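Okay, so here's the structure we're looking at.
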Amino acid sequence: MKRIYNFSAGPAVLPEEVLQQAADEMLDYKGSGMSVMEMSHRSKTYQAIIDEAEADLRKVLNIPGNYKVLFVQGGGTVQFAMVPMNLSKNRIYDFILTGHWSKAAKKEAEIFGKVNVIASSEDKNFSYIPNLDNVKASPDSDFVCMCDNNTIFGTKYKKYPEFPGKILVNDASSSFLSEPMDVTKFGLIYAGAQKNVGPAGVVIVIIREDLLENEPLPGTPTLLKYKVLADAGSMYNTPPTYGIYICGLVFKWILAHGGLEAMKERNEKKAALIYDFLDNSKIFKGTVDKGSRSLMNVCFRTDSEELNEAFLEGAKKAGFANLKGHRSVGGMRASIYNAMPLAGVEALVKFMREFEAAHVK
Ligand SMILES: *Cc1c(COP(=O)(O)O)cnc(C)c1O
């Protein structure tokens, strides 16, 4: 077996210990004689798996009792629709545009109502998080949508905006559980699992209980109503059982490794290794403002397309996978989620240093 350093933005690297445990339990989950994949979601054994996953997530993120945790299907993208479908009153939505995913969410929300863009960083190709200190929400908007960590552009909020009296909705897909987060700042948080906590197919939704009482828009399908999912403990229909099980193992892995404070420390250390190198490099440079740098997705480039290509080719040969930047940014992107070991980042920086030495004249 040969594992390589996988810098994919998602689906992304998972902790080796988790994969090993899943492998060990693949054919016979704890003496049940079957795989979790083959198990009825209505069985006692599976109920214990989902209950434990939720309890562990609550512990990891310190989720207050007045928030529900839902395991939903359809990825982050289905939340772009579920949020307006479930939280509309006036059908007016405020958006902070910070990249590809907030634009996609805005486009989906426009199916249901009117969108006001109250702040944007599109003027500089989303290379920064706008200063929101003096930005006000629209008086009649139903909620404000933001995207915590911009997976494609490599930016992250360092401070959350405050909109008194408004529901703040956070797409936290690519920063979820990378560091502590104050859940109470938000009415709703969602995160597609395949970035930092599990396999694609699960999206985690954390919603303040009182928001479940809002009447969904007419025509909202049953399965897309938060209240229905909450009342059924995420099992109105068959949930993505195996994915939830893996998420549960990842939550346990986080707890066993010191929780979110420890994740943050590790992630800061890893990110600093690359950013410090970039700041001192003669050929590579980071693509985003220093004050907005993501801990999870590090975007960088050289000034030459040929050099970028040569780097990507060399990196691939050297066993570093998925370093190509998204087509809308170009260059390179190293996604260094929780499960990327420090050794992987050290090896990458060493490779970059050698590449630079070979290419600086
Ligand atoms: C990946 C991603 C999404 C979309 O997730 P899907 O599961 O593919 O629908 C949404 N938002 C952010 C921030 C992402 O990184």
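Any read-out appearing in this document is the output of simple, stated calculations on the displayed coordinates, not a laboratory observation. On a predicted model such as this, the values are computed, not experimentally measured, just so you know. Heads up, the Cβs are rebuilt from the backbone with ideal geometry, glycines too, and the neighbour counts pull from every protein chain shown.
Over segment 1-121, the hull volume per residue, using the convex hull of the C-alpha atoms, is 184 Å³. Can you bin every Cα-Cα distance in the chain into 20 Å intervals starting at zero and give me the percent of pairs per bin, rounded to whole numbers? Pairs per bin, as whole percents: 29, 56, 15, 0. Per residue, the convex hull spanned by the alpha carbons of segment 52-130 comes to 134 Å³.
As a calculated quantity, the FRET efficiency between residue 289 and residue 223 at R0 = 35 Å, using C-beta atoms, amounts to about 0.30. Ordering of 245-258, 312-325 by packing is 245-258, 312-325, highest average first (other Cβ atoms within 10 Å, averaged per residue). Length gained on full extension, residue 236 to residue 28, computed as 0.36 nm times the residue gap minus the Cα-Cα distance: 72.2 nm. Ordering 99-109, 155-165 by mean Cβ neighbour count within 10 Å, with the highest value first, yields 99-109, 155-165. Of the cross-linked pairs 124/270; 252/324; 114/225; 107/136, those separated by over 29 Å at the C-alpha level are 252/324.
Its convex hull of Cα atoms gives segment 1-71 a direction-averaged projected area, equal to a quarter of the hull surface, of 6.9 nm². Sorting 83, 349, 36 by the number of Cβ atoms found within 10 Å of their own Cβ, with the fewest placed first, yields 349, 36, 83.
With the charge dipole of the chain set up from +1 on Lys and Arg Cβ and -1 on Asp and Glu Cβ about the Cα centre, the Cα lying farthest toward the positive end among the listed residues 74, 294, 281 is that of 281.
May I ask for log10 I(q)/I(0) of segment 258-359 at q = 0.09, 0.14, 0.15 Å⁻¹, from a Debye sum over the Cα atoms as equal point scatterers with solvent left out? Treating every Cα as an identical point scatterer, log10 I(q)/I(0) equals -0.20, -0.50, -0.57. Where only DSSP H runs of four or more residues are counted, the chain gives -11500 deg cm²/dmol as its mean residue ellipticity at 222 nm, each run worth -39500 (n - 2.57). Find how many whole Å separate the alpha carbon centroid of segment 260-337 from the alpha carbon centroid of segment 21-86. When both Cα centres are located, 32 Å separates them.
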